[in-house]
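Colleague: Encoded as structure tokens, here's the structure I'll be asking about.
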């Protein structure tokens, strides 16, 4: 992959959408989990530094960070499930038109084949 490929407008737009989704999901986390997640995963503070900043035990930092990641994972999985349904949604009337068109062409081809002389 070249630098040009990674900078394509569609990939940049996809990254921007993903960033916006992550921010939205992060904002939806309860504050006690969000603060720990931001300090640990975004600001890259250690468990000890995070505990000192928030004046909470290190074990609490670990459990809240774990829980924040789990909540984010569940929330993102839910979003993917919803998007997946939209991507592979049954076309209904459109599908019926496509099938009817294909069948009419197949029927027309059969008619043409039967009138052609046998070789």
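Colleague: Here is a list: 29, 39. Which entry is free of Cβ contacts under 8 Å to residues at least 60 places away in the same chain, closer than 22 Å to residue 80 by Cα and surrounded by 15 or more Cβ atoms within 10 Å (Cβ to Cβ)?
Modeller: Just a single option satisfies the conditions, and that option is 29.
Yes/no per residue for (1) closer than 20 Å to residue 71 by Cβ; (2) assigned to a helix (DSSP H, G or I):
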residue: 10; (1), (2): no, yes
residue: 19; (1), (2): yes, yes
residue: 45; (1), (2): yes, no
residue: 60; (1), (2): yes, yes
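Colleague: Checking residue 46 against (1) surrounded by 10 or more Cβ atoms within 10 Å (Cβ to Cβ); (2) in contact with a helix residue (DSSP H, G or I) (Cβ under 9 Å, 6 or more places away or on another chain); (3) modelled with pLDDT under 90, only one condition comes out false. Which one?
Modeller: (3)
Colleague: Can you list residue pairs whose Cβ atoms sit under 8 Å apart, with the first residue in the stretch 74-91 being modelled with pLDDT of 80 or more and the second being not in a loop (DSSP other than H, G, I, E, B)? Count only pairs 6 or more apart in sequence or on different chains.
Modeller: 75/25; 75/28; 76/21; 76/22; 76/25; 79/21; 79/25
Colleague: Determine, yes or no, whether residue 17 is farther than 24 Å from residue 75 by Cβ and either within 28 Å of the chain's Cα centre (by Cα) or surrounded by 11 or more Cβ atoms within 10 Å (Cβ to Cβ) (or both).
Modeller: Judged against the criteria, residue 17 is not a match.
Colleague: Look at residue 63 and say whether it is closer than 30 Å to residue 17 by Cα, surrounded by 10 or more Cβ atoms within 10 Å (Cβ to Cβ) and modelled with pLDDT under 95.
Modeller: Criteria not met by residue 63.
The values are calculated or read from the model by the stated rules, or taken from the named source; none is laboratory data. Remember, it's a predicted structure, so these values are computed and weren't measured experimentally. A quick note on method: Cβ atoms are made from the backbone with ideal geometry, for glycine too, and the neighbour counts reach across all protein chains shown.
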